[in-house]
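Visitor: First the structure, then my questions, so here it is.
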Amino acid sequence: MESRHRLNQDEIATILENDDDYSPLDSDSEEEDRVVEDEVWSDNEDAMVDFVEDTSRQEDPDNNIASRESPNLELNMIGLLGLNNLKEPMTIIMDNAPYHSVQVNKTPNQSNRKSELVKWLNENGVTADIKMLKAELIALVRRHKPSTPTYALDEMAKEKGHQVLRLPLSFNAIELIWAQIKSHTARNNTSPPFTANKMLALLQDAINKVQPEDWSMVVNKIKRDIMSDWDRLSPGRPQKSFIDSSERSKRRKTKHLRSKELAELTYATQMQLRREGKVEASKVVKDLSRSPQRKQYERMRETNPSFFPCYSILQKAKKDCYPEIRVTETCAEVQVQKLMDHTVSRLIQLLGEAVEDSSEEEKCSLLLFSKWGCDGSQQVQYKMKFEYEDDSDANIFQSSVVPLQLIYGPEKKYYGKIQYHRHLAIVAP
């Protein structure tokens, strides 16, 4: 890259006082110097400021006006050319480059002279004398220094109604995009003429080639980096991802999920798949969770008759799940002994080979543990005509029994706890 012009003091004053749109690239000077670019970005494209800094760094002060005053020079250019172009209050994201971090009333340190320490203390309302020892002055400075530094650029932004957020380069999406732009410019700026106009054209071409997909990629990368650093710096043992966890860890992590109703989990799975753009998979989960009607089931059976049993067989299997029930217009009841016999019979049928491999003594020592409960409630009375006038449907009372564990033998071994969500529907409806 080459610069066509070096700023002098009069031109700097012109920029700061009169012309917000002045750029050193507009000059027609033929002088050529090595330069670097810096930038200020916001979400307003008018607020991007490209400016050029002399990097020759010669000792001659006449040829190196930026060597000592560069931070203040660039700070003023950012303040006037950048902040004045922002049309509404915004958050300005930047790094901690030296010209971004010029401090107001900077706290002195041990490298400063005693006169500078005394001056800073007096300006901040602290009584100090040049006759004091330097160690005493440093102690006073440390005692009265502000808790956080005040940056000149932050104050300038605050006056305009903006706020400044400083982020490391790895957490700043615009820096990654800017690196992409500079990389494109460097790859294509390999042959003469090395002029500022050519550089501006290459930069504009690189900016035009930035696509929404590029932004999405860098934003997702930064999110991953932030979460990775958060996990790495958080106290305690580093957390593994769910996929990398062991089966035991997966069960522990999903314990609170498995306590939810199946309908809730199914619906949540559908919504999560839909949010990730997997609409077809969401439809499959929705279809699988439905209880198909007879016509729908028969249509599915036509696709694979050997896999889906006949509908009449399903009806018979469902009927076998019911114990002997007596139903009247005021009650539905099952004898407790018949209910327990039916439950044990269905459980043994379900356990299959596990029970068949047991000895006759163990089979005769089977013991079923169950729990029972009851509840009642009132409800709206409907104008129903009962066979007996004393009957009423104003109240309802229900008792229920749930099998828990089936054990056998003198050592009281058990076949396993009964999993309600898998077995109960097969034992009884």
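The values are calculated or read from the model by the stated rules, or taken from the named source; none is laboratory data. Note that the coordinates shown come from a computational prediction; the quantities given were computed from them, not determined experimentally. FYI the Cβ positions are ideal-geometry reconstructions off the backbone, even for glycines, and counts take in every protein chain you see.
Visitor: Determine whether Arg301 is among the basic types (Lys, Arg), closer than 28 Å to Gly409 by Cβ and within 49 Å of the chain's Cα centre (by Cα).
Guide: No, not satisfied.
Visitor: Looking at Pro98, Pro71, can you tell me which residue is in contact with a Pro (Cβ under 6 Å, 6 or more places away or on another chain) and modelled with pLDDT under 75?
Guide: Just a single option satisfies the conditions, and that option is Pro71.
Visitor: For the range 321-334, which positions are loosely packed, with under 13 Cβ neighbours inside 10 Å and either touching a Pro at 6+ places or on another chain (Cβ under 9 Å) or part of a helix (DSSP H, G or I) (or both)?
Guide: Passing the criteria: only Tyr322.
Visitor: Among (1) assigned to a loop (DSSP other than H, G, I, E, B); (2) in contact with a strand residue (DSSP E or B) (Cβ under 7 Å, 6 or more places away or on another chain); (3) of a type in the set (S, T, N, Q), there is one condition Ser392 misses while meeting the rest; what is its number?
Guide: Of everything listed in (1) assigned to a loop (DSSP other than H, G, I, E, B); (2) in contact with a strand residue (DSSP E or B) (Cβ under 7 Å, 6 or more places away or on another chain); (3) of a type in the set (S, T, N, Q), Ser392 misses just condition (2).
Visitor: Taking only the range 151-168 into account, find how many residues are loosely packed, with under 12 Cβ neighbours inside 10 Å and either under 23 Å from the mean Cα position of the chain (by Cα) or β-branched (Val, Ile, Thr) (or both).
Guide: Residues that pass the stated criteria total 2.
Visitor: Another question, then. Determine whether the range 235-255 contains at least one residue that is hydrophobic (A, V, I, L, M, F, W, C), assigned to a helix (DSSP H, G or I) and either out of contact with any strand residue (DSSP E or B) (no Cβ under 6 Å at 6 or more places or on another chain) or in the same structural domain as Gln180 (by TED's automatic domain parsing) (or both).
Guide: Checking the range 235-255: not a single residue is hydrophobic (A, V, I, L, M, F, W, C), assigned to a helix (DSSP H, G or I) and either out of contact with any strand residue (DSSP E or B) (no Cβ under 6 Å at 6 or more places or on another chain) or in the same structural domain as Gln180 (by TED's automatic domain parsing) (or both).
Visitor: I've got another one for you. What are the residues in the range 89-103 that are over 12 Å from Tyr151 (Cβ atoms) and outside any loop (DSSP other than H, G, I, E, B), if any?
Guide: Answer for the range 89-103, where residues must be over 12 Å from Tyr151 (Cβ atoms) and outside any loop (DSSP other than H, G, I, E, B): Thr91, Ile93.
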